1. How big is the charge dipole of the chain about its Cα centre, in debye rounded to the nearest 20, if each Lys and Arg gets +1 on its Cβ and each Asp and Glu gets -1 on its Cβ?
2. Select from A15, F74, A29 the residue farthest towards the positive end of the dipole of the chain; place +1 on Cβ of Lys and Arg, -1 on Cβ of Asp and Glu, and compute about the Cα centre.
3. Please check: in the Gaussian network model of the chain (C-alpha springs, under 10 Å), which one of L81, L21, L102 has the largest mean-square fluctuation.
4. Quote the Stokes-Einstein diffusion coefficient, in whole µm² s⁻¹, for the chain, based on the Kirkwood radius over alpha carbon pairs, a temperature of 20 °C and a viscosity of 1.002 mPa s.
5. Each residue of region 22-32 in order: what ³J(HN,Hα) in whole Hz does its phi give by Karplus 6.51 cos²θ - 1.76 cosθ + 1.60, θ = phi - 60°, with x for Gly and Pro?
6. Residue-wise, which Karplus ³J(HN,Hα) couplings in Hz belong to region 54-67, taking 6.51 cos²θ - 1.76 cosθ + 1.60, θ = phi - 60°, and x for glycine or proline?
7. Springs between alpha-carbon pairs under 10 angstrom, Gaussian network model over the chain: which of V51, V22, V36 fluctuates most?
8. For region 28-85, take N as its residue count and report Rg(C-alpha) divided by 2.2 N^0.38 Å.
Amino acid sequence: MIESPWVRAAPPGAASLAGYLVLRNRCAAPVEVADVESMDFGMPMIHRTVVEDGVSRMRPAGKLVVAPGGSLRFEPGGLHLMLMRPLQPLAEGDVARIRLVLADGRRVFATFPVRREAP
Ligand SMILES: [Cu+2]
């Protein structure tokens, strides 16, 4: 399940927004996150921010597995949803519809409020 979802508000015309959440696995088996989908963005992706040679860069997140009873935190400066190509303007107070695709084909949906600051 998705907890504390939010998308950081960006200036009008921004080419991408960033989304954050906590993914909690309440199942008895590990779950793997394979992809992200959204009706509100043309190209959503999962990224990780890494510091290389003192420079902050974003990379594809790679394999994401959540242990049984565990959680995975998407947060500023780390793992994040990179929400490219907004299909309509999203202002503070709007919501983005986003779902995570698990490796077994299940999908976990949440509405992500657009906010200036972390909830
Ligand atoms: Cu990114």
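1. Around 140 debye, computed over the chain.
2. A29
3. It is L102.
4. For these conditions, the coefficient is 147 µm²/s.
5. Values, residue by residue: 10, 9, 10, 9, 9, 8, 7, 10, x, 10, 10 Hz.
6. x, 10, 7, 10, 10, 10, x, 5, x, 6, 10, 10, 10, 5
7. V51
8. 1.26
Read-outs: derived from the displayed coordinates by stated rules, not from any lab. Please read these numbers as outputs of a predicted model, since none were measured by experiment. Cβ coordinates were reconstructed from backbone atoms using ideal geometry, including for glycine residues, and neighbour counts include every protein chain displayed.
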